[in-house]
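A.B. asks: One structure is given below, represented as structure tokens, and several questions about it will come after.
The values are calculated or read from the model by the stated rules, or taken from the named source; none is laboratory data. Every value quoted in this text rests on a predicted model; they were computed, and no experiment measured them. As a convention, Cβ positions derive from the backbone with ideal geometry for all residues, glycine included, and neighbour counts pool all protein chains shown. Surface accessibility is based on the protein's heavy atoms, side chains included, excluding ligands, DNA and RNA. Shrake-Rupley method; radii C 1.70, N 1.55, O 1.52, S 1.80 Å.
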Amino acid sequence: MFRRIAAFLLLIWLFGFLWFAVSLPRPAGMERTDAVIVLTGGPGRIPHALNVVRRGLAPRLLVSGVDPEVLPREFMREYEVPALLMRCCVTLGYRAFDTRSNAVEAANWLKARKARTVRLVTTDWHMRRAAYELGRELPSGTVMLRDAVRSHPSLEVLFLEYHKLLARYVIDTWQKWRGA
């Protein structure tokens with residue numbers, strides 16, 4: 001009986017990983033939102049989010065997880081952001097250091113601006129966990145649009161991210177079960 005249960009759990013894990021790896025989230029379309037949040041850490045994320053603002057698909061941007069040593073002028077130079085765009089529309093968030101704290105920082109920023117719709121920009125392999133974390137923090141009724149930046153992740157990156165997501169689900173389920 002134990003072997004059957006173990007084999008069943010192994011199959012669930014395997015098919016879950018295959019689904020996770022094969023069906024990565026995709027870029028969003030041309031929908032407008034009240035704001036865009038980009039999580040630092042992967043190539044192409046920040047340029048993509050800046051393009052969203054430049055195309056008028058969102059009027060303001062939070063770059064969450066910026067290293068405290070990065071000055072706004074350095075950011076402007078690195079990503080070729082005009083001073084006017086930086087002043088009106090871009091906020092550098094220095095409080096986050098991981099995906100969980102990105103979600104808290106982003107949700108607080110959105111609440112302060114009374115945003116009801118948000119576009120989340122992160123890498124495709126990171127999107128599910130980032131959206132899950134942000135979704136837990138957003139006020140009820142806030143609509144999140146997932147806008148994944150395409151990448152070519154290694155098997156190692158996919159394996160690690162899949163297990164981080166699973167661990168988050170297990171922790172949340174355990175906490176709900178204990179609190180009930």
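A.B. asks: Starting from the Cα-Cα distance between residue 51 and residue 112, subtract it from 0.36 nm times their residue separation and give me the gain in nm to one decimal.
C.D. replies: Numbers: separation 61, 0.36 × 61 = 21.96 nm, distance 2.34 nm.
This chain segment gains 19.6 nm when fully extended.
A.B. asks: Here's a follow-up. Quick one: if the Förster radius is 22 Å, what FRET efficiency do residue 11 and residue 166 give, using the C-beta to C-beta distance and rounding to 0.05? Write out the running numbers ahead of the final one.
C.D. replies: On the way: r = 15 Å, r/R0 = 0.67.
Computed FRET efficiency for residue 11 and residue 166: 0.90.
A.B. asks: Moving on to the next point. Using only the heavy atoms of the protein chains and a 1.4 Å probe, how would 13, 177 rank by accessible area, largest first?
C.D. replies: Details: 13 80, 177 170 Å².
In descending accessible area the options line up as 177, 13.
A.B. asks: If you don't mind, there's one more thing I want to ask. Mind pulling the angle between the C-alpha long axis of helix 99-112 and the longest principal axis of the chain? Nearest 10 degrees, somewhere in 0 to 90.
C.D. replies: 50 degrees
A.B. asks: So, one more: Once the other residues with Cβ under 14 Å from the Cβ of residue 29 are scored (Lys, Arg +1; Asp, Glu -1), what is the net sum? Walk me through the numbers on the way to the answer.
C.D. replies: Working: positive: 26, 32, 55, 119, 146; negative: 31, 147.
Here the charged neighbours net out to +3.
A.B. asks: Still on this structure: By how many degrees, between 0 and 90 and to the nearest 10, does the Cα long axis of helix 2-22 differ from the longest principal axis of the chain?
C.D. replies: Here the helix axis deviates by roughly 20 degrees.
A.B. asks: Run the numbers on the chain and let me know its relative contact order in percent, using alpha-carbon pairs under 8 Å that are six or more apart. Working shown, then result.
C.D. replies: Details: 245 pairs, mean separation 44.9, N = 180.
After rounding, I find 25 percent.
A.B. asks: Next question. Could you work out how far apart the two model spin labels at residue 156 and residue 32 are, taking each label as a point 7 Å from the Cα in the direction of the beta carbon, and quote it in nm?
C.D. replies: So the label points at residue 156 and residue 32 sit 4.5 nm apart.
A.B. asks: Next question. Tell me the angle of helix 155-179 to the major Cα principal axis of the chain, expressed in degrees between 0 and 90 and rounded to the nearest ten.
C.D. replies: So the inclination is approximately 80 degrees.
A.B. asks: Then there's this: Given Cα pairs under 8 Å that are at least 6 residues apart, what percent is the relative contact order of segment 91-180?
C.D. replies: Values: 77 pairs, mean separation 25.2, N = 90.
Answer for segment 91-180 is 28 percent.
A.B. asks: Here are some values of Cα Rg over 2.2 N^0.38 Å: (i) 1.05; (ii) 1.14; (iii) 1.34. Which one was computed from this structure?
C.D. replies: Working out Cα Rg over 2.2 N^0.38 Å from the coordinates points to (ii).
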